[in-house]
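The values are calculated or read from the model by the stated rules, or taken from the named source; none is laboratory data. Only a predicted model underlies this, so the values are computations on that prediction, with no experimental measurement involved. All Cβ positions, glycine included, derive from the backbone under ideal geometry; neighbour counts span all protein chains shown.
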Amino acid sequence: MSLKHRIVIGGAAGALSLATAVVSQFEGYHPSAYRDPVGIPTICYGHTGDVDMGQTLSRAECKELLAEDLGDAFDAVDRHVDTDLPPARRAALASFVYNVGEGKFARSTLLKRLNAGKVRAACDELDRWVYAKGRKLGGLVKRRAAERKLCLRGLDP
């Protein structure tokens with residue numbers, strides 16, 4: 001295996017590890033279905049697809065859903081971002097997409113600025129995404145601050 005290939009794999013693993021840490025910390029582990037702050041049925045680590053209220057899943061099933069959902073989030077980032085991303089920035093964006101969805105990311109000013117080469121301005125956009133149904137949520141403020149810090153990693157102050 002070439003050094004370049006090892007670096008790419010290491011970078012991808014690093015991004016996945018970072019994103020998993022951020023998502024699992026801010027989503028929390030809930031093996032039984034619940035409604036999120038805007039009323040969407042949710043389970044495990046913020047999974048929202050095919051969730052039935054009253055449903056309970058094992059930790060292993062929840063980890064599998066987290067891996068699948070994060071894989072989808074990374075795929076969305078890779079589809080829409082036209083520039084190379086260091087692992088920390090890629091992780092921050094995957095966490096963001098995991099939370100808000102690909103559609104909102106694809107239409108965001110954040111993405112437009114990132115693809116225009118305005119990295120700091122793009123990362124700063126994360127601070128705007130702290131509302132759910134018009135209500136500012138403390139958990140989103142903390143999550144976006146963590147994502148922004150990752151996004152800005154490596155940029156000059």
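Before moving on, here are some points about what is shown:
- Hits in region 128-139 - residues which are under 27 Å from Thr83 (Cα atoms) and surrounded by 13 or more Cβ atoms within 10 Å (Cβ to Cβ): Trp129, Val130
- Matching residues in region 140-157 - criterion: being in a helix (DSSP H, G or I) and closer than 19 Å to Arg113 by Cα: Arg144, Ala145, Glu147, Arg148, Lys149, Leu150, Cys151, Leu152
- Taken over region 35-50, the criterion of being under 24 Å from Gly134 (Cβ atoms), touching a residue at least 12 places away in the same chain (Cβ under 8 Å) and either surrounded by fewer than 17 Cβ atoms within 10 Å (Cβ to Cβ) or not hydroxyl-bearing (Ser, Thr, Tyr) (or both) is satisfied by Arg35, Asp36, Pro37, Val38, Pro41, Gly46, Thr48.
- Just one residue in the set Ala33, Ala91 is over 11 Å from the mean Cα position of the chain (by Cα) and either of a type in the set (A, V, I, L, M, F, W, C) or within 22 Å of Ala145 (Cβ to Cβ) (or both); that residue is Ala33.
- Residue in region 120-141 that is within 25 Å of Thr48 (Cβ to Cβ), out of contact with any helix residue (DSSP H, G or I) (no Cβ under 6 Å at 6 or more places or on another chain), modelled with pLDDT of 95 or more and of a type in the set (Val, Ile, Thr) present: yes
- Within region 140-153, the set of residues being surrounded by 16 or more Cβ atoms within 10 Å (Cβ to Cβ), of a type in the set (Lys, Arg) and more than 14 Å from the chain's Cα centre (by Cα) is empty.
- Here Asp69 does not qualify as modelled with pLDDT of 95 or more, surrounded by fewer than 17 Cβ atoms within 10 Å (Cβ to Cβ) and outside any loop (DSSP other than H, G, I, E, B).
- Identity of the residue in region 112-139, touching a residue at least 40 places away in the same chain (Cβ under 8 Å) and either in a loop (DSSP other than H, G, I, E, B) or within 17 Å of the chain's Cα centre (by Cα) (or both), that ends up farthest from Gly46 (Cα to Cα): Lys133
- Residues located in region 76-111, provided they are among the basic types (Lys, Arg) and in a helix (DSSP H, G or I): Arg79, Arg89, Arg90, Lys104
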